[in-house]
Structure formats: structure tokens, C-alpha cells
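What follows draws every value from the coordinates through simple rules; no lab data is involved. These figures come from a predicted structure and were not determined experimentally. Using ideal geometry, Cβ is built from the backbone for each residue, glycine included, and neighbour counts are taken over all protein chains shown.
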Amino acid sequence: MTPDQYCQDKAASSGSSFYSSFRFLPELKRRAITALYAFCREVDDVVDECKDEVVARQTLNWWREEVTKLYKGQATHPVTQAIQELLNDFNLAEEYLLEIIDGMEMDLDIHQYATFKDLSLYCYRAASVVGLLSAEIFGFNNRQTLKYAHDLGMAFQLTNILRDVREDAERGRVYLPQDELLQFGVSQQNLTQPITSDAVKKLFHFQADRAREYYIKAFNQLPDEDRFSQRTGLIMAEIYLSLLEEIENDGYRVLEHRIKLTPTRKLWLAWRASRREKKRYKQYKQSKP
């Protein structure tokens, strides 16, 4: 199995919304974003699947060493070997890959966050950094696009936090800020029960509104000149926004059952967004002198 095939299998097996958007990319960019996503899955799985905290930390340190080897041309893992082959084509900063690992280690160190400001660092490392790396792969001319990528990553992570709130709470991790739990009168124990009280609904509505604000902020910061090159991120946003709408339309009952989109619907949303962006790009080109 080649490094690219390994990354492809890793990405496909996750069933993620991200993978549905990759197929619309040219081959080289598709290889790069798939390798990046496979890297994220590898380090995330260390924390989620390793029950021994000592072993998890040792494994994350191994990945840090592997990233160092990657930038010396000495990668040994299929994922880092795949990334290594692409470094001449894409500006993938070493410190960003290390930030992702730091974000995963935060799950071992921190099980709850006092305020949203505290949570923001985790969201940055776990998602915004991935957005910045993705923007480099997709290509951009205007550096304003990096602000869009940062905020879109925040929006994705906040959507994931809301979707997975009960699953995370059962693992002892609460990503909803403690001061906001107190504000709405919701306890950590409430988050492990399949009951959507009025207080829980109001809390989750507040979280959904914040996520939506980040989507809007991100879209407003994306320059027209880079919109088509960044269309994969916009396809992801179409899928994630649809998931957020599903949660809202279901009455925020994420404690009662897992809310998700079917693979068919993800593919349809991806196709629709891709078609929309192609049409918009054509109109943009026609408007230029």
C-alpha cells in the first residue's frame, strides 16, 4: 500500500463530512488535503482510542518527533511520507502540524473550560490551524482569506462540540464553557442524560447562535478573488451548516440521539455547493474588465 492509498483509506473510513468535499479537487490538491486530514485523524485517534494516558502522551510525543523527521526528509509513517512528497508544492508550516498535536494533548490535560476565551485556544489548535493549512493547499491571493479560514475552522469546531456534547460528557470532557452552564442553570451531569429540558435547549440555542456567527463572519471575510479556489471549504461549510440546521430543527435534542447527515445527502450538498460556486466564479470572471 502506498502512502497516498493509506491516507485515502484513513480518510474514507472516517465517514466525515470533509471527505465528501475532497472529490471536487484537482488530483494534487486532493492528495494534499487527504494527507492532511489523515494526519489529523491519526493524532486524534491517539487520544480517543488509547485508554492509558501515559501511552497516549508517549504516542503524541512520537508524532512530534515524526513531524520533525518529516521536515528533514526522513518521514517513516505513511501519512507523513505522503505529506513529505507534497512539501515542494504546498507551504505547509511545521509549527501548524505541531499545534494540531498540542490541541489533541489538551484533551488529556483539560476536561472543562471556564470561559469561551479559554475554549478558543483549543478550537484554534484543533480546527482553525487545519483551516489555515487547508487554505494553503487550496490556494489564495489575498491574505484576508486566512482570516476566513481561521473563523471557518472555529465554526466547524463549535458545530462538532454541539453535536457531540453528550458523547464528550460521558467521557468526562465538557467543551461548553462552565460560566455558560452556570448562566443557563445546566450541570455537567445534565449533559449525560437523554433529556432536553428548557434550560438545556436555551443553552444549546446559545451555542448554535455562536457557531452561526462564526460562519457569517468567515463568509464575510472571504475575498471574491479567492472564493473559487477556496470552494472546497465552502462545500464543507454547506454540509456543516446543514448539520447545524438539523440540530436546530430537531429542537436541539442532541442528548437524546446523535444527529447526522446521510452520505447521500452530504454528496448532494457537496454537488450543489460546487455547482453554485462554479456559476458564481463564471459571473465574477465576466464582471472583470
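Some observations on this one:
- Nearest-20 debye value, the chain charge dipole, Cβ charges on Lys, Arg, Asp, Glu: 1620
- Estimated vicinal HN-Hα couplings, Hz - the stretch 64-77 in sequence order (Karplus 6.51, -1.76, 1.60; Gly, Pro = x): 4, 5, 5, 5, 4, 5, 4, 7, 9, x, 10, 4, 10, 8
- By the helix-only formula, in which each DSSP H run with n ≥ 4 contributes -39500 (n - 2.57) and the sum is divided by residues, the chain has a 222 nm mean residue ellipticity of -23000 deg cm²/dmol.
- Theoretical gain in end-to-end length, Trp271 to Lys72 [0.36 nm per residue, Cα-Cα removed]: 67.7 nm
- Between the beta carbons of Ile195 and Asn61, assuming R0 = 41 Å, the FRET efficiency works out to 0.50 to the nearest 0.05.
- DSSP loop trypsin sites (Lys or Arg not before Pro) with at most 11 other Cβ within 10 Å: longest gap in the chain: 144-257
- Highest GNM mean-square fluctuation among Gln207, Gln221, Gln58, for the chain modelled with Cα contacts below 10 Å: Gln58.
- Applying the Karplus relation 6.51 cos²θ - 1.76 cosθ + 1.60 with θ = phi - 60° to the stretch 236-245 yields 3J(HN,Hα) values of 4, 4, 4, 5, 5, 5, 5, 5, 4, 5 Hz, where x marks Gly and Pro.
- For the stretch 63-111 versus the stretch 161-213, the gap between their alpha-carbon centres in whole angstrom: 32
- Using θ = phi - 60° in the Karplus curve 6.51 cos²θ - 1.76 cosθ + 1.60, the 3J(HN,Hα) couplings for the stretch 31-47 round to 4, 5, 5, 5, 5, 4, 5, 4, 4, 4, 5, 4, 6, 5, 5, 4, 7 Hz; x is entered for Gly and Pro.
- Anisotropy class of the stretch 1-108 from Cα gyration tensor, a/c 1.5 cut: oblate
- Gaussian network model of the chain, Cα within-10 Å springs - most flexible of Leu36, Leu152, Leu25: Leu25
- For Kirkwood radius over Cα pairs in Å, calculated from these coordinates, the label among (1) 19.1; (2) 22.4; (3) 19.8: (3)
- Charge tally for Leu70 (other residues, Cβ to Cβ under 14 Å; Lys, Arg +1; Asp, Glu -1): -3.
- What separates the Cα centres of the stretch 127-156 and the stretch 221-289 is a distance of 15 Å.
- Gain on full stretching of the segment that runs from Phe219 to Gln283 - 0.36 nm per residue minus C-alpha separation: 21.2 nm
- When the chain is treated as a GNM with alpha-carbon contacts under 10 Å, the residue of Thr59, Thr159, Thr80 showing the greatest mean-square fluctuation is Thr59.
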